[in-house]
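Chemist: Shown below is the structure under consideration.
Just so it is clear, none of the values below were taken in a lab; they were calculated from the coordinates. Just so you know, these numbers come straight off a predicted model, no measurement behind them. Ideal geometry is used to build each Cβ from the backbone, glycine not excepted, and the neighbour counts take in all protein chains shown.
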Amino acid sequence: MHLSKIKILNEEEIRRIILRISHQILEKNKGVKDLCLVGIQLRGVYLAQRIKESIYSIEKVYLPLGVLDITFYRDDLARIGPNPLVRSTDICFDINDKKVVLIDDVLFTGRTVRCALDEIMDFGRPKKIYLAVLIDRGHRELPIKPDFVGKNIPTSLKEHVEVKLKESDGEDAVYLYKLK
Amino acid sequence: MKKIKHLLDLKNTPEEWIEEVFKVATSFKEVLTRPLKKVPALRGKTVVNLFFEPSTRTRISFEMAAKFLSADVINFSTSVSSIQKGESLLDTLRNIESLSADIVVVRDSSPGTPYILSKYTQASVVNAGDGTHSHPTQALLDMFTVKQKKGRLEGLKVLIVGDILHSRVARSNIEGFTKFGAQVSVCGPANLIPFYISDWKVKVYYDFDQALEDKDVIIMLRIQRERQNTGYIPSLREYRYLYSLNKERFHRLKKDTLIMHPGPVNWDIEISSKIKPYVHPLILEQVNNGLAIRMAVLYLLSQG
Amino acid sequence: MKSLIIKGAKVIDIINKDFYKKDVLVEGGKIKLISKNIKKKNSRCKIIDAQGLYLFPGFIDLHCHIREPGREDKESIKTASLSAQWGGFTTILSMPNTEVCLDTPEKISSFVNAVKSDSTINIYPCGALTQGRKGQKICEYALMMKEGALAFSDDGNWIEDSSVMMLALNYLSSLGGLCISHCEDAKLTWGPGRDDLLSFKLGLLPFFELSESLSVSRDIHIASFLKARLHLTHISTGSSLEIIKKAKVQKFISCDTCPHYLILDNSYLEDFNTNFKVNPPLPSEKDRKTLIKGLKEGVIDCITTDHAPHTLEEKESSFLDAPSGMIGLQTLFGLCFKYLVEEGLIDIFTLIEKITINPARILKMDSKGVIEEGKDADLVLVDLNEEFIFREQDILSSSKNTPFVGWRLKGKVKYTICGGDVVYKE
């Protein structure tokens, strides 16, 4: 038995996906009005920053950007191993009546997004929340559907999807690990 | 990172755990700025506040911390306790245990009660102050406050002023600050400074004017009014003459010296009300930090 | 500037145990110059012809009772000052057991102000060690020192509660203060006699030796533990001296005794003259000799007067009812010189040391107690050859309770100079 590693997306493909998602967001929202971006720690934040720059290059407007750490909202705190690293949460703008684009790297069971939804609601009452993810690997355990997807990758539960970004990992790539 | 079951004192608490408390507390400080100051981290857990010695401020701080974490809180204090009806300490503890709490926060006027409790319960025990022995969360919030302002603890000169003899805050602060490499000294009336404290590598000053000159942090302790009647000091006015942080002394401090106080402040005894505008903000920030620290402690202990 | 030249006196040199003939120039309250043949500078300069006289530092009394405030009729600051300077004293420490006990900074301040207006010599207050001298609660030493208290004592009483003594001494020493202890366990003081056959025969119940030695022992023990300065006053027994001698390896223990314990013994009580009634009582002959030995060996640091004025009416009571104490500012030197120095028991240098430099050192008065350039001009000129009879009309104190009227004394004070001013001239 060994672990095999397949590269699903390379740097160029990721770059195009970011650009496409940015256009899709603007199309669905019909512009930048009331729009804001919230990235889920850790890599969701880097993706959100790139989307922010991308939207700027299209519309010449910088959208408000918030970062969210969902550790305190997890439903599995007692079961996880050593204390998970708590990163910062910073939503320094008013989200009431805004249209929030929640951004994460991988959508899997949907529990992380559920936490993020709960946490965002504790900051106020947004008008709408969109979900944008780089990878959707299926196997939802909750009724959560993304509005914008980079790539759909059907996986089995034995497999593992890993997103690497330059800001934290030194390269831009998405890998699929299979147990053979 | 090693998990611990109880927070009884700082001596037996690993430094890494304390560092983790500081880190997590920083996040909780942010939570306290939100319109909705609640996170569901301790949802479904029960925190029991077992306060044999009356305390409003610390109990409320722990209660709010637990509630902001979405825990259920039960308060048990002596004014309504069965101890008054003659129930022994151990019977009370066994009864509490039958309530299946997840965390018990305990304060008593006798040192050691939290230690005894930890042997009788499955819950995690937090020492909220046991007699004149230890008050670990106070020391944690004091250290956290300094760390936030100065960026570090190592090498800082910390002076604790007042009734050292009767202070659990002093003992815990000496323990905590020296653990992280700060240099601690104490200053106060000779009868309120224990004889052997210099064995703890703590410098002793009786002269406040001399002591305050080169310090980075000065922690002023409360002097209880009763002390002047029990023979240790002749009067509060002499205490004020010798040990009050008045305007003249304040202006002789090193620039950026932090002035802290565990509260409640006896204005014009420990600190002159003339310098209140300069010192009150940090003291209030300590209270806020206390809440974040206690949230961090409850959060980390509940992970067990 | 006012100045004064003392010409031709024999100036004492305690260290070398000698006298040298030199002129002394006093200016601005200080000893300006000590040299042979000092010439007069200007017309405002006074000259004292001190040929044949001996120049000593002004005497310092560590233990004196002035009855102000409260019983100024018995002795006021003014009368004490006149009495003291006649006796050659330029500095006295006044005990706090006045009717209104000196146990607060306000009372110390009042006393200091009264001294400023009424006294010609230096009079410093000794503050009480405990409130009301009750032996229960400590006083505001820091504030009292700020107002001018030089030392603290419950004199007249001893602190029976050891925890109070520990707290008092611990606090006081952390402030750099001095404790003067009157060592007497009141429960072991059954009467005004000593515990010997003589007192028994006189029907006087004893002030047990243990009363003093036990309390001395306890106080020294606490002081040693705390490394605190402690001065034990009016020591009257050999057994106390033994204990003090052992403790003196620690430089912070000191003690004093009075002329009456060195010169008199309890046989003087035979005719029940209340002027001989003192507390502690006059010693046995054996103890008296031991005290003199202690003086010579340096175990006893000072000789003090324990000047205790009482009215005639008070002293005219029965022996048991009469208050203890005798006045002594005017007689200390004359008595000690005649009955100790002239008898060859101690030399003049030892005597002077015990009443000048040693008390100055104990009270931390760096500028007093010695004749040196730059020091305070507190000086006394004495004719050591003059013998005189101490008469009642000589007494300047408001109270006359001394048994030494009619006694021959030797060594007459001719001039007393305090702060550069001649405050007394015979």
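Chemist: Mind checking the full-extension length gain between A:D90 and A:K28? Use 0.36 nm per residue of separation minus the Cα-Cα distance, one decimal, nm.
Modeler: 19.7 nm
Chemist: Please order A:V133, A:V61 by the number of other Cβ within 10 Å, starting at the fewest. List each step's numbers first, then the result.
Modeler: Numbers: A:V133 26, A:V61 12.
Fewest-to-most ranking of A:V133, A:V61: A:V61, A:V133.
Chemist: Let me ask another. Between C:H63 and residues 5 or more places away or on another chain, which pairs have amide H atoms under 5 Å apart, with H built 1.01 Å from N, and which residues are they?
Modeler: C:L93, C:T305, C:D306
Chemist: Using the 10 angstrom Cβ neighbour count as an exposure proxy, how do A:V113, C:V370, A:V45 rank, fewest first? Don't skip to the end; give the middle numbers.
Modeler: Details: A:V113 24, C:V370 19, A:V45 27.
Ascending Cβ contact count within 10 Å gives the list C:V370, A:V113, A:V45.
Chemist: Can I ask one more? In whole Hz, with x marking every Gly and Pro, tabulate ³J(HN,Hα) for the stretch B:146-160 from phi via Karplus 6.51 cos²θ - 1.76 cosθ + 1.60, θ = phi - 60°.
Modeler: 5, 4, 5, 7, 9, x, 7, 10, 5, x, 6, 9, 10, 10, 10
Chemist: Something else now. Of A:S22, B:M295, A:P84, which is farthest on the positive side of the dipole of the protein assembly as shown, counting Cα position, with +1 on Lys and Arg Cβ, -1 on Asp and Glu Cβ, and the Cα centre as origin?
Modeler: It is A:S22, whose Cα lies furthest towards the positive end.
Chemist: Based on DSSP, what percent of beta bridges with both residues in the stretch C:1-159 are antiparallel, to the nearest 5?
Modeler: Details: 15 of 32 bridges.
Percentage antiparallel, nearest 5: 45.
Chemist: With charges set only on the Cβ (+1 for Lys and Arg, -1 for Asp and Glu), what does the dipole of the protein assembly as shown come to about its Cα centre, in debye to the nearest 20?
Modeler: Numbers: 127 positive and 116 negative charges, 828 e Å.
Value, rounded to 20: 3980 debye.
Chemist: Still on this structure, please answer the following. With an 8 Å cut-off on Cα pairs and a minimum separation of 6 or more residues, tell me the relative contact order of chain C in percent.
Modeler: Values: 1009 pairs, mean separation 79.8, N = 426.
Here the relative contact order equals 19 percent.
Chemist: Determine the percent antiparallel among the DSSP beta bridges restricted to the protein assembly as shown, to the nearest 5.
Modeler: The antiparallel proportion sits near 35 percent.
Chemist: Next question. Size of the dipole of the stretch B:136-287 about the Cα centre, Lys and Arg at +1 and Asp and Glu at -1 on the beta carbon, nothing else charged, in debye to 20?
Modeler: Details: 23 positive and 17 negative charges, 55 e Å.
In debye, rounded to 20, the stretch B:136-287 gives about 260.
Chemist: A further question follows. Between A:D172 and residues 5 or more places away or on another chain, which pairs have amide H atoms under 5 Å apart, with H built 1.01 Å from N, and which residues are they?
Modeler: Sorted by chain and number, the residues that satisfy this are A:K166.
Chemist: Could you calculate the contour length gain from C:H221 to C:I15, that is, 0.36 nm times the residue separation minus the distance between their Cα atoms, to one decimal place in nm?
Modeler: Extra length available between C:H221 and C:I15 comes to 70.9 nm.
Chemist: Compute the signed sum of charges (Lys and Arg +1, Asp and Glu -1) over the other residues within less than 9 Å, Cβ to Cβ, of A:T89. Working shown, then result.
Modeler: On the way: positive: A:R87, B:R34; negative: A:D69, A:D90, A:E119, B:E30.
Neighbourhood net charge equals -2.
Chemist: Rounded to the nearest 10 degrees, what's the angle between the helix C:77-86 long axis and the longest principal axis of chain C, both from Cα atoms, 0 to 90?
Modeler: Roughly 60 degrees, rounded to the nearest 10.
Chemist: Arranged by the count of other C-beta atoms within 10 angstrom, fewest first, what order do A:Y62, B:Y115 take? Please list the in-between numbers first.
Modeler: On the way: A:Y62 12, B:Y115 17.
Fewest-to-most Cβ neighbours within 10 Å comes out as A:Y62, B:Y115.
Chemist: Positive end of the charge dipole of the stretch B:136-287 (Lys, Arg +1 and Asp, Glu -1 on Cβ, about the Cα centre): tell me which of B:L242, B:V202, B:I219 has its Cα farthest that way.
Modeler: B:I219
Chemist: I would also like to ask the following. Just counting partner chain Cβ atoms within 10 Å, what average do the residues of peptide B:33-40 show around their Cβ? Mind showing how you got there, number by number?
Modeler: Working: counts 4, 6, 6, 5, 1, 2, 9, 9.
Shielding by partners across B:33-40 averages 5.
Chemist: Over 25 Å between C-alpha atoms is what I'm after, so list which of C:K137/C:K187; B:K29/B:K119; C:K46/C:K425; B:K2/B:K45 land there.
Modeler: On the way: C:K137/C:K187 21 Å; B:K29/B:K119 33 Å; C:K46/C:K425 14 Å; B:K2/B:K45 22 Å.
Result: B:K29/B:K119 exceed 25 Å.
Chemist: How far is the Cα center of the stretch B:178-224 from the Cα center of the stretch A:94-126, in Å?
Modeler: Cα centroid of the stretch B:178-224 versus Cα centroid of the stretch A:94-126: 50 Å apart.
Chemist: Kindly express, to the nearest 10 degrees and within the range 0 to 90, the angle between helix A:43-59's C-alpha long axis and the longest C-alpha principal axis of chain A.
Modeler: Result, in degrees: 40.
Chemist: Just to confirm the number: angle between the C-alpha axis of helix C:105-118 and the first principal axis of chain C, 0 to 90 degrees, nearest 10?
Modeler: The helix C:105-118 is inclined about 40 degrees to chain C.
Chemist: On to the next question. Please compute the average number of Cβ atoms from other chains found within 10 Å of each residue's Cβ in peptide B:235-248.
Modeler: Working: counts 8, 0, 3, 11, 2, 1, 5, 6, 1, 0, 0, 0, 0, 0.
The mean count of partner-chain Cβ atoms within 10 Å per residue comes to 3.
Chemist: Additional query: What list of ³J(HN,Hα) values in whole Hz, one per residue of the stretch C:57-74 in order, does the Karplus curve 6.51 cos²θ - 1.76 cosθ + 1.60 (θ = phi - 60°) give from phi, with Gly and Pro shown as x?
Modeler: x, x, 6, 10, 9, 7, 8, 9, 10, 9, 8, 10, x, x, 10, 5, 5, 7
Chemist: Here is a further query. Taking the Cα centre of the stretch C:57-362 as origin and charging only Cβ (+1 Lys, Arg; -1 Asp, Glu), how large is the dipole, in debye to the nearest 20?
Modeler: Values: 30 positive and 40 negative charges, 186 e Å.
The calculation lands at about 900 debye.
Chemist: I'd like the FRET efficiency for C:K246 and B:N12, computed as 1/(1 + (r/R0)^6) with the beta carbon distance as r and R0 of 45 Å, rounded to 0.05. All intermediate terms of the calculation are to be shown ahead of the outcome.
Modeler: Working: r = 46 Å, r/R0 = 1.03.
Plugging the Cβ-Cβ distance into 1/(1 + (r/R0)^6) gives 0.45.
Chemist: What's the FRET efficiency of C:D347 with B:D199 using the Cβ-Cβ distance as r and R₀ = 41 Å, to the nearest 0.05? Walk me through the numbers before you get to the answer.
Modeler: Working: r = 48 Å, r/R0 = 1.18.
With a Förster radius of 41 Å, E is 0.25.
Chemist: In the stretch A:17-102, what percentage of the DSSP-assigned beta bridges are antiparallel, given to the nearest 5?
Modeler: Details: 1 of 9 bridges.
Of all bridge pairs located within the stretch A:17-102, approximately 10 percent are antiparallel.
Chemist: A follow-up question, please. Set the Förster radius R0 to 25 Å, insert the Cβ-Cβ distance between C:K39 and C:E372 as r into 1/(1 + (r/R0)^6), and round the FRET efficiency to 0.05. Mind showing how you got there, number by number?
Modeler: Details: r = 21 Å, r/R0 = 0.85.
Approximately 0.75, to the nearest 0.05.
Chemist: So what J values fall out for the stretch B:107-117 if you push phi through Karplus, 6.51 cos²θ - 1.76 cosθ + 1.60 with θ = phi - 60°, rounded to Hz, Gly and Pro as x?
Modeler: Calculated HN-Hα couplings, in order: 10, 8, 7, 9, x, x, 4, x, 5, 4, 4 Hz.
Chemist: Once you put a point 7 Å from the Cα of C:K2 and another 7 Å from the Cα of A:E162, both along the Cβ direction, what distance in nm separates them?
Modeler: Each label point lies 7 Å from its Cα, and together they span 9.8 nm.
Chemist: What are the residues whose amide H is under 5 Å from the amide H of B:L7, where those residues sit 5 or more places off or on another chain and H is modelled from the backbone?
Modeler: Close amide H contacts, sequence-distant or interchain: B:V125, B:V126, B:N127.
Chemist: Still on this structure: When the helices in the protein assembly as shown are scored as -39500 (n - 2.57) per DSSP H run of 4 or longer and the sum is shared across all residues, what 222 nm value do you end up with, to the nearest 500 deg cm²/dmol? Provide the component values of the computation, followed by the final result.
Modeler: Working: 27 runs with 286 residues, N = 910.
It lands at -9500 deg cm²/dmol.
Chemist: Hey, got the average number of other protein chain Cβ atoms within 10 angstrom for residues in A:89-95? Provide the component values of the computation, followed by the final result.
Modeler: On the way: counts 6, 2, 3, 1, 0, 1, 1.
Shielding by partners across A:89-95 averages 2.
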